[in-house]
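S.K.: One structure coming up, written as C-alpha cells, with questions to follow.
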Amino acid sequence: MKIGVLALQGAFAKHLKMLESFKVKACEVRTEKDLEALDGLIIPGGESTTMLRLMKDENLFEPLKEFIKYHPTFGTCAGAILLAKEVKNPPQVSLEAMNITIERNSYGRQINSFTKEVSVAVLGSNPLELVFIRAPGISKVGQEVEVIATCQNRPVLVKEGKYLAATFHPELTEDTRVHKLFLTMIGY
C-alpha cells in the first residue's frame, strides 16, 4: 500500500508521520507524476486558497480532480474544503468530490481555535480529541454522506464512498484512529 500526502502547503509532515506509524509507505505529492502508483491520497489542513493557487501553478488541479474520482481520498480541514462540492464564506472552487456544503472559518478566526473530546461509536469507547484551527464547518450533507462524528451539533467527520473528510486536525494528536479508519477504507 502506498499513500500520498499533498505536500504543497500545510500540515503534510504530520500526516506522513502518522502513516509511517502504521508502517505504510507514504510519499509527498507535489506534481502529477507523484500521483502514479498511489492507492490513496490525504489532502492536509492549511490554507485552501493558497493550496488552490499552488495546484494551479504546478498544473496539478485537473490531475488531482481526476485522481480522486478513482482513489480513496481523505481531507482534513482545508482538505475537507477542497473535497466539498460547495464552498461558502466566501465561495471558491474545489475538487467537487463529496456531496457536502462547507463554510470556511466557520468557528471563527485563529483566536477562536479550540480542542474538544467527543465520543465516536465506530472508533471505540475512548473519546476522540478534536483540534479545530480556523476550522471550516459542514453546513449540509447529501443523503449518501455518513456522519461519523459531530461536535456542537455539527458534522465534523463524514464519509461518502471512498472519501473521508474531517473539519478538525487528527494528525495533531497522538490518536491514530481516524487515519486507521481511512486506511481500512483502502484495505489495510
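Laboratory data are not the source of any read-out in this text; all were calculated from the coordinates shown. Computed from a prediction, not measured in an experiment: that's the story for all the values here. Neighbour counts run over all protein chains shown; Cβ positions are idealised from the backbone, glycine included.
S.K.: Would you mind ranking MET185, MET51, MET98 so that the residue whose beta carbon has the fewest other beta carbons within 10 Å leads the list?
M.R.: Lowest to highest Cβ neighbour count: MET185, MET51, MET98.
S.K.: In addition: Based only on Cα atoms, what mean projected area does the convex hull of region 131-188 have, in nm²?
M.R.: 4.3
S.K.: Quick one: work out the % antiparallel among DSSP beta bridges in the chain, nearest 5.
M.R.: 50
S.K.: Okay, next question. Let's see if you can work this out: charge +1 on each Lys and Arg Cβ, -1 on each Asp and Glu Cβ, no other charges. What is the dipole magnitude of region 35-188 about its Cα centre, in debye to the nearest 20?
M.R.: 440
S.K.: Here is a follow-up. Could you work out the relative contact order of the chain, using alpha carbon pairs under 8 angstrom and six or more residues apart, expressed as a whole percent?
M.R.: Relative CO of the chain lands at 18 percent.
S.K.: Go through [x] 0.93; [y] 1.23; [z] 1.08 and flag the label whose value is the computed Cα Rg over 2.2 N^0.38 Å for this structure.
M.R.: From the options [x] 0.93; [y] 1.23; [z] 1.08, the structure gives [x].
S.K.: Go from 0 up to the bin containing the longest alpha carbon distance in region 1-106, width 10 Å each, and give me the % of pairs per bin.
M.R.: 16, 52, 28, 4
S.K.: Given the options MET185, ALA11, SER106, identify the residue whose Cα lies farthest towards the positive end of the charge dipole of region 2-186 (+1 on Cβ of Lys, Arg; -1 on Cβ of Asp, Glu).
M.R.: The residue sitting most towards the positive pole is SER106.
S.K.: For region 1-50 and region 77-140, what is the separation of their C-alpha centers, rounded to whole Å?
M.R.: After rounding, the separation between the Cα centres reads 19 Å.
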